[in-house]
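To start, the structure under review is shown below, and the notes come after it.
Values quoted throughout were computed directly from the atomic coordinates according to the rules given, and no laboratory measurement underlies them. The model shown is predicted, which means the values in this text are computed figures rather than measured ones. Methodologically, a virtual Cβ is constructed for each residue, glycine included, from the backbone with ideal geometry; neighbour enumeration extends over all protein chains shown.
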Amino acid sequence: MTIQDFIPKAYTTVVESGSVTWESPSNIALVKYWGKKEHQIPANPSISFTLSGCKTKTTLSYSKKETSDDFSFDVFLDGEHKDSFKPKIETFFKRVEVYVPFVKDYHFKIETENTFPHSSGIASSASGMSALALCLMSIEMKLSDVIQSPSTPLRTGSTERVFNDDYFNQKASFLARLGSGSACRSIEGDIVGWGLHKDITGSSDLYGVKYPFEVHESFKNYQDTILLVDKGEKQVSSTVGHGLMHNHPFAEQRFDQAHKNLSMLINVFKEGNLDEFIKIVESEALTLHAMMMTSLPYFILMKPNTLEIINKIWAYRETSDSKLCFTLDAGANVHLLYPEKETEKVLEFIKNELVAHCQNGHYICDQIGFGARLIIN
Ligand code: PMV
């Protein structure tokens, strides 16, 4: 697929108004995306577990306007006007306009809610932008005279393009990427890769692809418990963060390392080698933070409690045969990843040793999930 494939031909149907609802999850990267080129093209490939419980539900209501000269929309979070979201959504609409040209034809009401608390330090951009992108795709499907749900492979009638699940998901992921890079990994599950990689069939810089190879039983229902160390606003925005990789002294080595780690993960997934999994995932998390500490300007996004937790995880592994490991986002919270069969023991360990390092003792239990869901069409 190329960018041209996502530019639609003239729409065949007129739709005056309607409403669509999608629910889309967050995801947690194992190999991290950090650094981008123009147009949200990643500097290196990444791979993530799609989450299950941490998600955004978005209803997009649309009604045809008299003129198509500008964007027109209102945003609500949990039923309340949220004007602070408008600039990001306006930027998104500007970026996607060429691919979904109907965005200027309608007035939109965007109603959104997250299952996780807004001030939890968990970014809602991946789940939020993917949910919005999926809503736009449902509208495009209606305008293209395709009425069935996207789970039914269909032809638009065009001899050139098949408007089936694959196209729907790829274009939704493509649009989501233009909202927030990592959002393109939230459309499907349970493991999604994004960014061209020589060993991953079908991989692309333009959209996320469901991991195409064998995955060992050990990764089934893999758990992710998110320890909320710092619920404050992000200290470094994503845009600024990715920008730090321009002229970064270690950028090329880092991008190269991401490619190598992804290659190694393929075998790890196949063989269920959890010791190797731990090494790759923890090294990726620390490298992400090392990149931030060695850029100009430099940042430390970990908090003392982040380090306390990491040290306790390492001590726990020393004294048990546990395969518990951690990963980090661009913030202080810690994601604990572990096999389902360890759930009881790990939760006990969290309660006894780690809760003390969480802000207000808060943590969120989640697990690997299977992607976005159409709620109402
Ligand atoms: O999608 P963005 O632009 O918010 O960037 C996300 C970057 C990390 O979360 C730090 C890593 C990743 O791959 O998700």
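What's the local net charge at Glu90, with K and R +1, D and E -1, over the other residues with C-beta under 14 Å away? Write down the numbers at each step before the final one.
On the way: positive: Lys82, Lys86, Lys88, Lys94, Arg95, Lys104; negative: Asp70, Asp74, Asp83, Glu97.
For residues surrounding Glu90, the net value is +2.
Taking the Cβ-Cβ separation of Ile3 and Asp70 as r and a Förster radius of 22 Å, what is the calculated FRET efficiency to the nearest 0.05?
On the way: r = 24 Å, r/R0 = 1.11.
Using R0 = 22 Å, I get an efficiency of 0.35.
Assuming R0 = 30 Å, can you tell me the calculated FRET efficiency for the pair Val15 and Thr91, based on Cβ-Cβ distance, to the nearest 0.05? The partial results should precede the final answer.
Details: r = 25 Å, r/R0 = 0.85.
That pair, Val15 with Thr91, gives E of 0.75.
For helix 125-143, what angle does its Cα long axis make with the longest principal axis of the chain, in degrees from 0 to 90 and rounded to 10?
20
Given the convex hull over the Cα atoms of the stretch 1-99, what projected area results after averaging over all orientations, in nm²?
In nm², the orientation-averaged hull projection of the stretch 1-99 is 9.1.
Find how much the distance from Ser63 to Glu276 grows on full extension, using 0.36 nm per residue of separation minus their present alpha carbon separation; answer in nm with one decimal. The partial results should precede the final answer.
Numbers: separation 213, 0.36 × 213 = 76.68 nm, distance 5.23 nm.
Result: 71.5 nm gained on full extension.
Need the full-extension length gain, Ile41 to Glu217, defined as separation in residues times 0.36 nm minus the C-alpha distance. One decimal, nm.
Details: separation 176, 0.36 × 176 = 63.36 nm, distance 3.26 nm.
Here the segment from Ile41 to Glu217 would lengthen by 60.1 nm.
Tell me the label-point distance for the pair Asn352, Ser283, using the 7 Å Cα-to-Cβ offset, in nm and rounded to one decimal.
So the two model labels end up 3.1 nm from each other.
I need two numbers for the stretch 178-229: Rg to one decimal and Dmax as a whole number, Cα atoms only, in Å.
Calculated on Cα positions, Rg and Dmax stand at 13.0, 37 Å.
At 222 nm, what value in deg cm²/dmol follows for the chain if DSSP H runs of at least 4 each add -39500 (n - 2.57) and the sum is divided by all its residues, to the nearest 500? Could the numbers behind the result be given before it?
Details: 8 runs with 114 residues, N = 377.
After summing the helix terms and dividing by the residues of the chain, the value is -10000 deg cm²/dmol.
Rg and Dmax of the chain, using alpha carbons, in Å: what are they?
Gyration radius and largest Cα-Cα distance of the chain: 20.7, 69 Å.
What full-extension length gain, to one decimal in nm, is calculated for Asn164 and Gln253 as 0.36 nm per residue of separation minus the Cα-Cα distance?
Details: separation 89, 0.36 × 89 = 32.04 nm, distance 3.92 nm.
Stretched fully, the Asn164-Gln253 segment lengthens by 28.1 nm.
Which whole-number percentage describes the relative contact order of the chain, with Cα contacts under 8 Å and a sequence gap of 6 or more?
Working: 765 pairs, mean separation 89.6, N = 377.
With pairs under 8 Å counted, the relative contact order is 24 percent.
Can you tell me the orientation of helix 165-179 relative to the chain, as the angle in degrees between its alpha-carbon axis and the longest Cα principal axis, to the nearest 10?
With rounding to tens, the tilt is 70 degrees.
Charges at C-beta only: +1 for Lys and Arg, -1 for Asp and Glu. How large is the resulting dipole of the chain about its Cα centre, in Debye rounded to 20? Mind dumping the intermediate values first?
On the way: 38 positive and 47 negative charges, 91 e Å.
I would put it at about 440 debye.
Which angle from 0 to 90°, rounded to the nearest 10, does the C-alpha axis of helix 274-293 make with the longest principal axis of the chain?
For helix 274-293, the angle is close to 80 degrees.
How far apart, in nm, are two points set 7 Å out from the Cα along the Cα-to-Cβ line at Asp321 and at Thr294?
Spacing of the two 7 Å Cα→Cβ label points: 3.7 nm.
Rounded to the nearest Å, what's the spacing between the alpha carbon centres of the stretch 327-344 and the stretch 24-103? Just the number, please.
26
When each pair of different Cα atoms in the stretch 159-252 is counted once in the 1/r mean, what is the Kirkwood radius in angstroms, to one decimal? Don't skip to the answer; put the middle values down first.
Numbers: mean 1/r = 0.0622 Å⁻¹.
For the stretch 159-252, the Kirkwood estimate is 16.1 Å.
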